[in-house]
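Participant: Next up is a structure, given as structure tokens.
The values are calculated or read from the model by the stated rules, or taken from the named source; none is laboratory data. Only a predicted model underlies this, so the values are computations on that prediction, with no experimental measurement involved. Note: ideal-geometry Cβ built from the backbone for every residue, glycine included; neighbour counts use all protein chains shown. Accessible surface is based on the protein model in full, side chains and every heavy atom, while ligands, DNA and RNA are left aside. Shrake-Rupley method; radii C 1.70, N 1.55, O 1.52, S 1.80 Å.
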Amino acid sequence: MYSWPLAALFAGLMMTGVSHAQDAFRFGVVNPDRVMREAPAAKAAQTRLEQEFLKREKDLKDQEAALKAASDKLERDSPTLSETQRTQRQRQLVDQDRDFQRKRREFQEDLNLRRSEELQKVYESAQRAIKQVAEAEKYDVILQDAVYVNPKHDITDKVIKALNATAAPNGSGGK
């Protein structure tokens, strides 16, 4: 990502003495993973996804259990079945399994798409909150994904608070 070039630029500025004055150059660091994990907007998005996909997930688990039960039954009954009956039940199992695999794939694709949509909304709101904090507190640079951050430069809590404040008026998480 951009972390290394920005870190190198910042280190260069530090060595040349540009930032030796305490207030001359202000920077902050945000942990985006923490924002996406802890912000109520992100938690609300996760809850929406769970509610939206709960029934389909349960249906898939039920279908998988029924398929397993049918497979076990075929295995138990196999010695007493005629060759025609065994072949017919095996074909039915293969068709059921194919249907199950297709539904599971569609479920996963739909879930991934919706998760991306929801996380994109949270990400955009977080970016606005970062910019709001940066402008309000007159930061010159805000970095993300640093290897180490002195806690005095970590503004993640401020960003989460700003994100909460923007989500609170309409309760939609920045929609």
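Participant: Could you give me the residue pairs with C-beta distances under 9 Å whose first residue belongs to the range 116-129 and is more than 17 Å from residue 48 (Cβ to Cβ), whose second residue is of a type in the set (S, T, N, Q) wherever it lies, and which are 6+ apart or on separate chains?
Facilitator: 128/166; 129/164; 129/166
Participant: Please go through the range 24-54 and pick out each residue that is aliphatic (A, V, I, L, M) and in contact (Cβ under 8 Å) with a residue 40 or more places away in the chain.
Facilitator: Result: 29, 30, 35, 36, 39, 41, 42, 44, 45, 49.
Participant: Which residues, counting only those in the range 135-163, are hydroxyl-bearing (Ser, Thr, Tyr), more than 13 Å from residue 34 (Cα to Cα) and either under 25 Å from the mean Cα position of the chain (by Cα) or open to solvent by less than 20 Å² (accessible area, probe 1.4 Å) (or both)?
Facilitator: 148
Participant: Return a yes/no flag: does the range 117-125 have any residue that is of a type outside the set (A, V, I, L, M) and under 30 Å from residue 62 (Cβ atoms).
Facilitator: For the range 117-125, residues of a type outside the set (A, V, I, L, M) and under 30 Å from residue 62 (Cβ atoms): present.
Participant: Within the set of pairs 6 or more residues apart or between chains, which connect a residue that is over 12 Å from residue 96 (Cβ atoms) inside the range 66-79 to a residue that is of a type outside the set (Lys, Arg) with Cβ atoms less than 9 Å apart?
Facilitator: 77/85
Participant: Might you check whether a residue that is charged (D, E, K, R), over 16 Å from residue 46 (Cα atoms) and surrounded by 12 or more Cβ atoms within 10 Å (Cβ to Cβ) occurs anywhere in the range 90-99?
Facilitator: So far as the range 90-99 goes, yes, one or more of its residues are charged (D, E, K, R), over 16 Å from residue 46 (Cα atoms) and surrounded by 12 or more Cβ atoms within 10 Å (Cβ to Cβ).
Participant: Working only within the range 37-69, note down all residues that are modelled with pLDDT of 95 or more, surrounded by 12 or more Cβ atoms within 10 Å (Cβ to Cβ) and either of a type in the set (Gly, Ala, Ser) or not in a helix (DSSP H, G or I) (or both).
Facilitator: If the condition is that a residue be modelled with pLDDT of 95 or more, surrounded by 12 or more Cβ atoms within 10 Å (Cβ to Cβ) and either of a type in the set (Gly, Ala, Ser) or not in a helix (DSSP H, G or I) (or both), then 66 is the only one that fits.
Participant: Same structure again: With the checklist (1) polar (S, T, N, Q); (2) within 30 Å of residue 165 (Cβ to Cβ); (3) free of Cβ contacts under 8 Å to residues at least 24 places away in the same chain in hand, flag the one item residue 88 doesn't pass.
Facilitator: In the conditions (1) polar (S, T, N, Q); (2) within 30 Å of residue 165 (Cβ to Cβ); (3) free of Cβ contacts under 8 Å to residues at least 24 places away in the same chain, residue 88 misses (2) alone.
Participant: For residue 132, state whether it is free of Cβ contacts under 8 Å to residues at least 24 places away in the same chain, open to solvent by 60 Å² or more (accessible area, probe 1.4 Å) and of a type in the set (S, T, N, Q).
Facilitator: no
Participant: So, residue 22, is that one loosely packed, with under 13 Cβ neighbours inside 10 Å and either in contact with a Phe, Trp or Tyr (Cβ under 6 Å, 6 or more places away or on another chain) or modelled with pLDDT under 95 (or both) or not?
Facilitator: Here the answer is yes, as residue 22 does meet what is asked.
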